[in-house]
Every structure is written in C-alpha cells, then in structure tokens.
Protein chains: 2
Amino acid sequence: MDKERETGLMLDPKYDASGLVTVAVTDSHSKDVLMIGHMNAEALRKTVTSDIVHFFSRSRQKLWMKGETSGNLLHVVDMRVDCDQDALWIVAKPAGPTCHTGASSCFYRRVKKDGLEHI
Amino acid sequence: MDKERETGLMLDPKYDASGLVTVAVTDSHSKDVLMIGHMNAEALRKTVTSDIVHFFSRSRQKLWMKGETSGNLLHVVDMRVDCDQDALWIVAKPAGPTCHTGASSCFYRRVKKDGLEHI
C-alpha cells in the first residue's frame, strides 16, 4: 500500500497497464450515475484545466471531449479521487442527455434476479 | 454496436479482456459514490442472488465479498446496467464505513487545480 498516495495531497493517479483510470460521473442535480468512462493523463489534465469532462475512448483509442459532436458537454461541479488514486468521481452538470441513446443516464435499465427492466 | 445488448432485457455483460466489468457503488442515503470496483461473472452472480455486493479483487485475483473481514457489508438496494453492459451501478446501504481507511467513502479527497484537498 502506497501511504503517500493514500493520505497525501498530491494528485498521483495509479494508471492501469493501458495508462487509464476509471471515472464515474454523477449528475449534480439528480445525483444519478450518468456514465462510467476512462481517462488517460491527457484527458485528466484537460478535464482539470477546462472544467469540461474529457475521456480517453478505448474503442477509438483517442482523446474524447464528451459531447464534442452532440453538444451535450459535462460541466465539472466537483471532482474527487479515491484512496488508491485509480478512480475518479466527477459531479457534473450535463448540458443534455448523457447517453448516446438519448437517455439522460446510460444506466436506464434495472438488473433484477430474472433479467432487466427499463426504468 | 450490439443493439440487442443495448436495448434488450437480457443481462449480457460485456466483460473486458480480464473477464471483468466496472462497478460504481453509491450510498442509498447520502447518494455519494462510495467506491469503484470490478466484478467477474461469479461476483456478479453472487451479488444478484444474495443482495450483498461481491467483487473480484484484481490485486489478490480472487472473489471478495466486500466487508467479509471488516463486517462492513454493502446491501444492494438497486442495481443498474449501462447501455453497452460493461458497467454496473449499485445503490447500496452500507453496514459501516466503506473505505479501508475508515472513511465512509473512498472518495475523501477533492481534486483541485493545484492538488488535493481533504473533504
């Protein structure tokens, strides 16, 4: 366990083998989880400096400002890092629906014991 | 894009190369993100059947019932899956502090432009 990383006040992300950390984004108003994505160092730097959420797209292998084509940006309201600095939690104000399906959150289905249920 | 996975009512997780999906757990009361972890198929099955959150520990490479040693179990209140089924959001009632540091949430530090700040 890296004590300095856990208790210190320096941002020192523990990137995985692909150079990424996991990011959960919640809605500042509804408190719902909107989406889960990944950031590399560049996406993290751009997010911190611009207050607009940037990810690293694993499928396209490139930096991605969330909403760059749809206009549905995520404006950073608060940002937290976890104990071992391999995950971030961002509280954001979304400019529109977060999910590419048009749903406000990507989590539009409930998991039940016998399958899924639309919210 | 797999349409059935995105719109259907069958749980069909899209596991990564390591056989894992990402899981964000929020507190049913405070709405805070408590922790982010990973599940393999077995951890997911045990979580759904028992309503107690189970993870797959990447560092120890084994199934892990959260709180199995501390007693601080996470009781499932609601569970959602995202559009492409590679991430889960669990709303839980924690039996005690979630973080091994004793903090209620693993996200006890704010990311600011010039470093971290304890909440």
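Expressed in Å, the radius of gyration and Dmax of the Cα atoms of the protein assembly as shown are 16.7, 48. Considering chain B as a Gaussian network with a 10 Å cut-off on Cα pairs, which listed residue, B:LEU73, B:LEU63, B:LEU88, attains the greatest mean-square fluctuation? Between B:LEU73, B:LEU63, B:LEU88, it is B:LEU63 that shows the largest mean-square fluctuation. For region A:62-119 and region B:86-110, what is the separation of their Cα centres, given in Å? Cα centres, region A:62-119 to region B:86-110: 18 Å.
On the beta carbon distance between A:MET65 and B:LYS93, with R0 = 30 Å, the FRET formula returns roughly 0.25.
Applying 1/(1 + (r/R0)^6) with R0 = 30 Å to the Cβ-Cβ distance of B:LEU9 and A:ASP16, what FRET efficiency is obtained, to the nearest 0.05? Kindly include the intermediate steps, with their values, before the conclusion.
Working: r = 32 Å, r/R0 = 1.06.
The formula returns an efficiency of 0.40 here.
Structural size metrics of chain A, computed from C-alpha coordinates, are Rg and Dmax of 15.1, 45 Å. Using C-alpha pairs under 8 Å with a sequence gap of at least 6, the mean separation divided by the residue count of region B:61-108 gives a relative contact order of 28 percent.
Kindly express, to the nearest 10 degrees and within the range 0 to 90, the angle between helix B:41-50's C-alpha long axis and the longest C-alpha principal axis of chain B. Compared with the principal axis, the helix lies near 80 degrees. The same position A:THR101 in the other copies lies at 3.5 nm from this copy, comparing label points 7 Å beyond Cα toward the beta-carbon, shortest first.
Assign one of three labels to region A:1-63, namely rounded, prolate or oblate, based on the Cα gyration tensor with a ≥ b ≥ c the square roots of its eigenvalues; rounded applies when a/c is under 1.5, prolate when it is not and a/b is larger than b/c, and oblate otherwise. All intermediate terms of the calculation are to be shown ahead of the outcome.
Numbers: a/c = 1.70, a/b = 1.20, b/c = 1.42.
Oblate shape, in that a/c is at least 1.5 and b/c is the bigger or equal ratio.
When only alpha carbons of region B:51-119 are considered, Rg and Dmax amount to 14.4, 41 Å.
P(r) for region A:32-90, from all Cα pairs and a bin width of 10 Å, is 21, 60, 18, 1 %, short bins first. Comparing B:SER104, B:SER30, B:SER50 in a Gaussian network model of chain B (Cα springs below 10 Å), the most mobile by mean-square fluctuation is B:SER30. Dividing the mean sequence gap of close Cα pairs (under 8 Å, 6+ apart) by how many residues chain A holds gives a relative contact order of 24 percent.
We did not get these values from a lab; they are worked out from the coordinates using the rules stated. Just so it is clear, the model here is predicted, and its values are computed rather than measured. Here the Cβ is made from the backbone with ideal geometry for all residues, glycine too, and neighbour counts use every protein chain on show.
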